[in-house]
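What follows draws every value from the coordinates through simple rules; no lab data is involved. As the structure is a prediction and not an experimental result, all values here were calculated from the model. Quick reminder, even Gly has a Cβ in these numbers, built from the backbone with ideal geometry, and neighbours come from all protein chains shown.
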Amino acid sequence: MHTPLEPGLYIVATPIGNLSDLSPRAAATLSAADLIAVEDSRVTAKLLSHIGVKRPMVPYHDHNADRVRPELLARMRDGAVALVSDAGTPLISDPGYKLVRDARAAGIPVTTIPGPSAVVSALTLAGLPTDRFLFLGFLPPKGGPRASAIAEVAGIRATLVLYESGPRLGSMLQALYDGLGDREAAVVREISKRFEETATGTLSELAARYADAPPKGEIVIVVGPPGAAEPAGEADIDAALRAAMAQLSPSRAAAEVAEQLGVPKRLAYERALKLK
């Protein structure tokens, strides 16, 4: 006999490979939910079969989210609705955040049941800095938009994490090398499954490895942050100060430029006075 759940929305993380990774709390929540919102009912049915239960399901994904969301919100007022993705933590690369936003706006309780995440799991396997990272989801598959997306994040001092498919892996790694330089990186695939693999090296090495050998399975690319930037010279400081002093006093401009370029405030202020 399952303990009844209070009405509301329950965000339930599901395994990204090994079904044994489903937590007891997640299993209990899915078993007691009045309705489960799913990406693909066939995938979730296998998970429910693994824990020996059957529950009502309704598809909720990019193509029907706007239409289905009002129905789910109505069900939450007097019943427990669980939200799952096909694998991992919901709201990562899916439309779930809108359901959470609208549930909170309607005064409906929202509870998270934490668990597996391919992003975090890949970071733990890559051996790259984890103190600051940026998740990019899936980048555009075509050359121009993809190059623009990479250029937008090239200067960010953080480890980058993104998803990619096997057939596009080689070209994506080459595009990352072209746009970011030869940074340290890792390709992590089939996390928690039988053929889990982590390949590490520079972007150029990994691009060559997978150029003619696209792998199968779910893939996460992890790219290390850029190396230390070259110290700003007087020309860089002066250019930044001229732009800042068009709107700010010398002291305010110096403070902002010092923080922006990582130079001593006293040096920036002295240059600002000379320029004035």
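With axes computed from alpha carbons, what is the tilt in degrees of helix 265-275 against the longest principal axis of the chain, rounded to the nearest 10 within 0 to 90?
50
Can you tell me the order of 240-251, 168-179, 23-34 when each peptide is scored by its average per-residue count of other Cβ atoms within 10 angstrom, highest first?
168-179, 23-34, 240-251
Mind ordering 48-55, 15-22 by average Cβ neighbours within 10 Å, highest first? Numbers along the way, then the final one.
Working: 48-55: 13.0, 15-22: 16.8.
So the order, starting with the most tightly packed, is 15-22, 48-55.
Could you tell me how many degrees, from 0 to 90 and to the nearest 10, lie between the Cα long axis of helix 41-50 and the main elongation axis, the longest principal axis, of the Cα atoms of the chain?
It is inclined by approximately 70 degrees.
Residue 54: which lysines have alpha carbons under 28 Å from its alpha carbon, excluding same-chain residues fewer than 8 sequence positions away?
Result set, ordered by chain and number: 46, 98, 193.
What FRET efficiency, computed as 1/(1 + (r/R0)^6) with R0 = 22 Å and r the Cβ-Cβ distance, is obtained for residue 112 and residue 34, rounded to the nearest 0.05?
Working: r = 18 Å, r/R0 = 0.82.
So, using R0 = 22 Å, E works out to roughly 0.75.
Starting from the Cα of residue 236, move 7 Å in the Cα-to-Cβ direction to define the label point; list residues of region 243-262 whose amide nitrogen is under 17 Å from there.
It comes to 243-244, 254-262, nothing else.
Counting other C-beta atoms within 10 Å, which of 187, 110 has the fewest, and how do the rest follow?
Placing the least packed residue first, the sequence is 110, 187.
Can you tell which of 3, 181, 20 lies farthest toward the positive end of the dipole of the chain, using +1 and -1 charges on the Cβ of basic and acidic side chains (Lys, Arg; Asp, Glu)?
So the residue furthest toward the plus end is 3.
Please work out the FRET efficiency for the pair residue 19 and residue 165, using the Cβ-Cβ distance as r and a Förster radius of 25 Å; give the result to the nearest 0.05.
Using R0 = 25 Å, I get an efficiency of 0.65.
Arrange the peptides 155-165, 130-140 so that the one whose residues have, on average, the most other Cβ atoms within 10 Å appears first. Walk me through the numbers on the way to the answer.
Details: 155-165: 18.2, 130-140: 14.6.
Result, highest mean Cβ count within 10 Å first: 155-165, 130-140.
Calculate how steeply helix 169-180 sits against the longest principal axis of the alpha-carbon atoms of the chain, using the helix alpha-carbon long axis, and give the answer as 0 to 90 degrees to the nearest 10.
The two axes meet at around 30 degrees.
Summing -39500 (n - 2.57) over the DSSP H runs of n ≥ 4 in the chain and dividing by its residue number, what mean residue ellipticity at 222 nm do you reach, to the nearest 500 deg cm²/dmol? Intermediate results must be reported in sequence, preceding the final value.
Numbers: 11 runs with 116 residues, N = 276.
The helix contribution divided over the chain gives -12500 deg cm²/dmol.
Cross-link partners among lysines for residue 265, C-alpha distance below 25 Å, same-chain residues fewer than 8 apart left out?
Correct list for residue 265: 274, 276.
Express in nm, to one decimal, how much length is gained between residue 205 and residue 157 on full extension, taking 0.36 nm for each residue of separation and deducting their alpha carbon distance.
Fully extending the segment from residue 205 to residue 157 adds 15.1 nm.
How many nm separate the modelled label positions at residue 147 and residue 64, each set 7 Å beyond the Cα in the direction of the Cβ?
4.1
In nm, to one decimal, how far is the residue 274 label point from the residue 196 one, both placed 7 Å along Cα→Cβ?
Distance between label points: 5.7 nm.
Assuming 0.36 nm per residue, please report the length gained on full extension of the stretch residue 120 to residue 51 beyond their Cα-Cα distance.
Difference between extended and current length: 22.3 nm.
Give the label of the value calculated from the structure for percent of Cα pairs over 34 Å apart, choosing from (1) 19; (2) 40; (3) 10.
Computing percent of Cα pairs over 34 Å apart and matching it to (1) 19; (2) 40; (3) 10 gives (2).
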